[in-house]
Ligand SMILES: [Zn+2]
C-alpha cells in the first residue's frame, strides 16, 4: 500500500466519495486532510499502547461511512507473506454482528475546524496486530467522533449526490439522520411484548438503507424517530419524549429484509392500545418512517420544497 507519514497533507485522491447505504456523495473537499496510519513495509512507524476502547471506536467509524471505496483491496505488507498459494484475500473482522472488510476504503475523522484526518480502514489491523500507535490528536478525535458530520457543513452544497442506482440527486438531502441529539433523547421501552400475529413485512434495500441511516428528530410535525442498528434491530420511538414503542428484527435476504419478532410497548403510562390492533398500527407508523426520509432526501421539508432548490412541490 501507499506510505504517507503521519500528519502529512493527504493528496492520494483529489476528490472525496462518501458512501451511504442509499447512495454516494462526491465532492472536492473544502477541508484539509491529514494522513494517519498509512503504513507500508519497510517504513518505520510509532508503536505503543492505546486507550481501552480505541480499537472498537475505530471499528464503529469503519462500519459507518466508507470513503473512496475501491473495487480492489490492499493487503497488509507488515504481515509475513502468505505461505499458502492462491490469491490474497482482504482482511475481515466481525464487529457488532456485521462483517467488515478492511483494505478497500478509507475513513474520515473530523479534527479541528477545516481539518479532517484521513486513514485507511487497515488502520484497525495496524493498531491491533502490529502495535501501531497513531498520533494523540487522532486518538482524541476518534473518541470524540460525530457520525453526523456527513450531513453538516463538511460536505459542500455543490457536491455531486447519487442514489444507489447511480442516478443524480439534484436537490439537497435534508434527512434528519438518527444519531447525536436524537440518540441521546431516545429511551428504551419499559414493557415490550410480542404481538400475537407477526406482520410478515418485506422491505426492499432502499428502505433498509433509509432505516440504517435512521430518522432523527426534526420537529413536532414528524412524530417518530427510527433506527436500524448494526445487529439488525429496528427501534421506533415517539419523537416528542423519545420513548420507545416498537422493536423488531430485520433478517437480510437477497432483495431486502424480512421483519420478524415485532414487540410493542405495553406499559400503560407509555403507550395506549391493545396488542391485537397491532401490527396494523405498526405498519402505518413504519410507512410514515419511510415516507418522511424519502421526501427529505428529495429536498422537501414537511412545509414544502427546500428554499435552496425551489423545486415545484
Ligand atoms: Zn498485518
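The values are calculated or read from the model by the stated rules, or taken from the named source; none is laboratory data. Worth saying up front: this structure is predicted, and the values here are computed from it rather than measured. Note that each Cβ is placed from the backbone with ideal geometry, even for glycine, and that neighbours are counted across all protein chains shown.
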Could you tell me which of the residues 155, 142 is under 26 Å from residue 112 (Cα atoms), modelled with pLDDT under 90, within 16 Å of the chain's Cα centre (by Cα) and buried (at least 16 other Cβ atoms within 10 Å of the Cβ)? 155
Anything in segment 238-257 that is crowded, with 18+ Cβ neighbours inside 10 Å and in a loop (DSSP other than H, G, I, E, B)? List them, or say none. 239
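Condition first: surrounded by 14 or more Cβ atoms within 10 Å (Cβ to Cβ) and either touching a residue at least 40 places away in the same chain (Cβ under 8 Å) or outside any loop (DSSP other than H, G, I, E, B) (or both). Now tell me which residues in segment 209-222 satisfy that.
209, 210, 211, 212, 213, 215, 216, 217, 218, 222
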Is segment 68-90 home to any residue that is touching a strand residue (DSSP E or B) at 6+ places or on another chain (Cβ under 6 Å), within 16 Å of the ligand (Cβ to nearest atom) and within 18 Å of residue 128 (Cα to Cα)? yes
Among (1) over 30 Å from residue 263 (Cβ atoms); (2) assigned to a strand (DSSP E or B), which single condition is residue 139 missing? (2)
The lone exception for residue 194 - which of (1) in contact (Cβ under 8 Å) with a residue 12 or more places away in the chain; (2) more than 30 Å from residue 244 (Cα to Cα) it fails: (2)
Can you tell me which residues in segment 91-119 are under 14 Å from residue 55 (Cα atoms) and within 16 Å of the ligand (Cβ to nearest atom)? 93, 100, 102, 119
Could you check segment 128-138 and list, in sequence order, the residues that are surrounded by fewer than 19 Cβ atoms within 10 Å (Cβ to Cβ) and either more than 16 Å from the ligand (Cβ to nearest atom) or over 17 Å from residue 45 (Cβ atoms) (or both)? 135, 136, 137
Taking residue 235, is it assigned to a strand (DSSP E or B), touching a residue at least 40 places away in the same chain (Cβ under 8 Å), under 28 Å from residue 60 (Cα atoms) and not assigned by TED's automatic domain parsing to the domain that holds residue 157? yes
